[in-house]
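Inspection log for the structure reproduced underneath, given as structure tokens.
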Amino acid sequence: MDTLARLIDRRAPIDPATPCAEVVAMFDAAPRAAALPVVVDGKPAGLVYRDVFLAQMAVAPALADRPVSEVMDREPRAVSAGVTAADFVDRLAQSTTPIFRSAYVAVDEAGDYVGVGGLESLLTSHRRRQREADEAMALVERMAHDIGHHLDGVLAFTERLEQSRLTPDAAAYVRAIGDTSRDMSQVLGRAMDLRRAATGGLTLSPAPALLRDLSDAVEARWAPRAAEGGSTLLFSYDGPPDAAALIDADRVLQVFDALIESALASGRGVIEASLKAHAVENGLLLEGRVRDNAPGAAETRLARVLAPLGAGSIEDSNELALGVGMALAHGLTRAMGGPLRAEANMGAGLTLQFAVAVPEATLADQAHDEPVLDARSAHILIVDDNATNRMVAEALCEMFDCTSEQVADGVEAVEAAKSGRFDLILMDIKMPRMDGVTATRAIRELPGRAGQAPIVALTANADPNDVATYIAAGMQDVVEKPIKPERLAVVLSALLGDDEEDGDAEAAA
């Protein structure tokens, strides 16, 4: 990491008795010098700022014969040359020193003069480093997204294998692969969410949710895991049975995940968790609570909850995973408007809780209906240059009782579509030889049934501008990668259902 020693100008200092006229000449000879240091017996005595000094000389030329000590700043910024640029910038942000002090003096451990630096060059270096860090993090996020996508592929394969007839040993291996992949995917997702929370990029997607269902989901997710570890999870819901709130249910689940996981990791015992809902002005107050009686030093556990990414968490991989989850829980509860609180119980264990005020919502009767695909078997063309993606899509098609064929790029997709034998086409966007948008336009130019098959974009680029481009090219819908089975089911059901209704209408005519 850059220290000030690499950024400073190690120019020779001047004596306090130097006439101002000579200092003007020095600045003229060194047009890039932000300031000139004044030193006595090796110690900084003052600093002469270019802009301020030259302005003084312009309005008061009589100062030319006066010693520079009369116009210098006798209390300049002094900082160790070993300090990093980032730390110094942080100090400047919190400093009350007047802004006109546009330069600083660097000193060694003994306080002797080492060099002088300008704040402008310092901030330029800092901004460059920050830009490089942002670009590196953006690359990490893209790589994390790709890793997550591949983990989703592994999970799809393991789920498919689990439905096959396997020997007991093989079934155990498949389960182990699936469990490990799920854990890795969860930690990766939490880490990226934590990064978004730290940079203000964490988003919530509120939607109407039945609170009783949310409670059931938490219990169903964690009660079996608690039992496997020798603990007991007791989850209760206290509120109107039909109460619904406008919340991001997945994010609330993430908070409960972190709190219950932390309790389970602290030792065997009984974990009491609850979600309470009661009416307040303009909505509902939701109170989440997780209480355990795990043994151990409460002070140590409290420290890990309140500072989850401290040194103790970073040294151990398991503690790191728990720390990331707890840090994310803090970020999520703050984003929801209710900070996470923790306190030691009388006797043993901790109680973690949060409270958030949310709007009340109304659920339509059909809101809980699962998407149901048309009973007839659809034949689907899968277009993707990535073999893993094709296999995942194939597994999902089989899950929905659909048959499928696969091709690897847009050129092959157009050729296959000419046969007219496909009820729907799942089209990747970025592919070699011919991309998905170009292939879609080419398919739409085919005559008859071949050019009329519904086309669905499979892509990670699903912002509104991209979607508008896909629709304009002739696609009917977009499914974002990694593919969520429920989202694909909704799209296939809608498009294949419409297709059947059109066919029935034509037959009746």
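The values are calculated or read from the model by the stated rules, or taken from the named source; none is laboratory data. Just so you know, these numbers come straight off a predicted model, no measurement behind them. Counting neighbours? That spans all protein chains shown, and the Cβs are built from the backbone with ideal geometry, glycine included. Heads up: the accessible areas ignore ligands, DNA and RNA and are worked out on the full protein's heavy atoms, side chains in. Shrake-Rupley method; radii C 1.70, N 1.55, O 1.52, S 1.80 Å.
Once you sort the root eigenvalues of the Cα gyration tensor of the range 47-202 as a ≥ b ≥ c, which label holds: rounded (a/c under 1.5), prolate (a/b larger than b/c) or oblate (the other case)?
Prolate shape, in that a/c is at least 1.5 and a/b is the bigger ratio.
Cα centroid distance between the range 440-484 and the range 225-247, in Å?
So the separation of the two Cα centres works out to 41 Å.
Could you give log10 I(q)/I(0) at q = 0.16 Å⁻¹ for the range 402-479, computed by the Debye formula over C-alpha point scatterers of equal weight, without solvent?
Each listed q corresponds, in turn, to -0.50.
For ALA348 and ASP242, what is the calculated FRET efficiency with R₀ set at 56 Å and r taken between the beta-carbons, to the nearest 0.05?
That pair, ALA348 with ASP242, gives E of 0.90.
Calculated FRET efficiency, ASP15 and GLN130, Cβ-Cβ r, R0 56 Å, to nearest 0.05?
Once rounded, the FRET efficiency stands at 0.90.
Pairing rule first: another cysteine's C-beta must sit under 4.7 Å. Under that rule, which cysteines of the chain stay single?
Cys with no partner Cβ under 4.7 Å: CYS20.
Does the range 381-423 classify as rounded, prolate or oblate by the C-alpha gyration tensor (a ≥ b ≥ c root eigenvalues; a/c under 1.5 gives rounded; else a/b over b/c gives prolate, otherwise oblate)?
Oblate is the answer for the range 381-423, as a/c is 1.5 or above yet b/c matches or exceeds a/b.
Compute the length gained on full extension between ALA387 and ALA297: take 0.36 nm times their separation in residues and subtract their Cα-Cα distance, giving the result in nm to one decimal.
The ALA387-ALA297 span can extend by a further 27.3 nm.
What relative contact order, as a whole-number percentage, does the range 225-280 give when Cα pairs under 8 Å and 6 or more residues apart are counted?
Across the range 225-280, relative contact order equals 61 percent.
Rounded to the nearest 0.05, what FRET efficiency is calculated for ASN318 and SER205 with R0 set to 25 Å and r the Cβ-Cβ distance?
0.25
Where does the chain land at 222 nm, in deg cm²/dmol rounded to the nearest 500, when only DSSP H runs of n ≥ 4 count, each adding -39500 (n - 2.57), divided by all residues?
-15500 deg cm²/dmol
Per residue of the range 200-217, in order, report the coupling 6.51 cos²θ - 1.76 cosθ + 1.60 (Karplus, θ = phi - 60°) as ³J(HN,Hα) in whole Hz, putting x for Gly and Pro.
Rounded to whole hertz, the list is x, x, 6, 10, 10, 10, x, 8, x, 9, 7, 5, 4, 5, 4, 4, 4, 5.
Show the residues, 5+ positions off or on another chain, whose built amide H is closer than 5 Å to the amide H of LYS430.
Residues meeting the criterion, in which the H sits 1.01 Å from N, are GLY436.
I want the local charge near LEU259. Using Cβ-Cβ distances under 10 Å, sum +1 for each Lys or Arg and -1 for each Asp or Glu among the other residues.
-1
State in Å² the accessible area per residue of the chain; use a 1.4 Å probe, count heavy atoms of protein chains only, and round to the nearest integer.
52 Å²
Tell me the carbon and sulfur percent of the accessible area for the chain, rounded to whole percent, probe radius 1.4 Å.
Of the solvent-accessible surface of the chain, carbon and sulfur hold 53 percent.
In nanometres, what is the gap between the two model label sites at GLU109 and ASP2, each 7 Å from Cα along Cα-to-Cβ?
2.5 nm
Quick check on the range 1-58: take the gyration tensor over C-alpha atoms, sort the square-rooted eigenvalues as a ≥ b ≥ c, and tell me if it's rounded (a/c under 1.5), prolate or oblate.
Cα axes put the range 1-58 in the oblate bin.
May I ask for the net charge around ALA207, where only other residues with Cβ less than 12 Å from the Cβ of ALA207 are counted and Lys, Arg are +1 while Asp, Glu are -1?
Taking every other residue near ALA207 into account, the sum is -1.
Roughly how many Å is it from the Cα centre of the range 124-153 to that of the range 157-218, as a whole number?
22 Å
Output the relative contact order of the chain, whole-number percent, from Cα pairs under 8 angstrom with separation of 6+ residues.
9 percent
Let me see the pair-distance distribution of the range 1-131: every alpha carbon pair, 5 Å bin width, integer percents in order.
Going out from 0 Å in 5 Å bins, the range 1-131 shows 2, 11, 21, 23, 20, 12, 7, 3, 1, 0 percent.
With everything on Cα atoms, drop me the angle between helix 317-336 and the longest principal axis of the chain, reported from 0 to 90° to the nearest 10.
90 degrees
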